[in-house]
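Trainee: Here's a structure for you.
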Amino acid sequence: MIGSLLLLGFTLSLDNFRTAAVLGALSLSWRRSLRVALVFGFWDGVAPAVGIIAGGYVGERIGSTADTAAAIALFAYGLYLVVQAWRTAEPDEPDERWALFGLPVPLSVDNVVAGTSLGLLGYSPWLAPPLFGGITVVMSLAGLLLGRVGARLIPIRPDLLTGVGLVVMAVLVGFGLVG
């Protein structure tokens, strides 16, 4: 039981890992990186709890829109970063407000569907959601670190690199090439 939950939590956190790796190019401070990872983890914990509690109704209604919502949010933030990079000088401190407020909820929508399935199987809302949230925090921190290292190897303005990466990711998600 716990092994399958760990595997599911890891799988569900991969979209946050991928997004965090792209955001890592912004070279956020460790404090800001931790804040982003905690917000990602919080929403990845809340979403399955909602699914477990709400049951099949929510899962059936939201399942097909999860990837679309995530793709739109990724595209919007990526486009915002690209436009800002062209219009302004490189900032001293990156602005992570979108990472904190605009991305975590759409990235966690698929976890509502997973939670609904777990609820139908009789899982407790006190086990899977905190486990999934914790896994997402760790995976997001790993992604942010990987992205930071990668950005040092690529001599492009970090906010422009992040924006282009998010737009590309949104297109791939939108066309169903990554889940």
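Residue by residue, here is whether (1) modelled with pLDDT under 70; (2) out of contact with any helix residue (DSSP H, G or I) (no Cβ under 8 Å at 6 or more places or on another chain) holds:
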| residue | (1), (2) |
| --- | --- |
| 91 | yes, no |
| 102 | no, no |
| 111 | no, no |
| 119 | no, no |
| 126 | no, yes |
| 129 | no, no |
| 132 | no, no |
| 141 | no, no |
| 145 | no, no |
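Here's the yes/no breakdown for (1) within 28 Å of residue 45 (Cβ to Cβ); (2) assigned to a loop (DSSP other than H, G, I, E, B):
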| position | (1), (2) |
| --- | --- |
| 135 | yes, no |
| 149 | yes, no |
| 152 | no, no |
| 169 | yes, no |
| 177 | yes, yes |
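Trainee: What are the residue pairs meeting all of these: first residue in segment 17-39, first residue under 24 Å from residue 130 (Cβ atoms) and of a type in the set (D, E, K, R), second residue buried (at least 24 other Cβ atoms within 10 Å of the Cβ) and modelled with pLDDT of 90 or more, Cβ atoms under 7 Å, and 6 or more apart or on different chains?
Mentor: Close Cβ pairs satisfying both conditions: 18/143.
Trainee: Considering only residues that are of a type outside the set (A, V, I, L, M, F, W, C), surrounded by fewer than 22 Cβ atoms within 10 Å (Cβ to Cβ) and within 18 Å of the chain's Cα centre (by Cα), which ones fall in segment 122-144?
Mentor: 130, 134
Trainee: Among the residues of segment 43-65, is there at least one that is under 24 Å from residue 158 (Cβ atoms), touching a Gly at 6+ places or on another chain (Cβ under 6 Å), in a helix (DSSP H, G or I) and at pLDDT 90 or above?
Mentor: no
The values are calculated or read from the model by the stated rules, or taken from the named source; none is laboratory data. Please read all numbers here as calculations on a predicted model, not as lab measurements. Methodologically, a virtual Cβ is constructed for each residue, glycine included, from the backbone with ideal geometry; neighbour enumeration extends over all protein chains shown.
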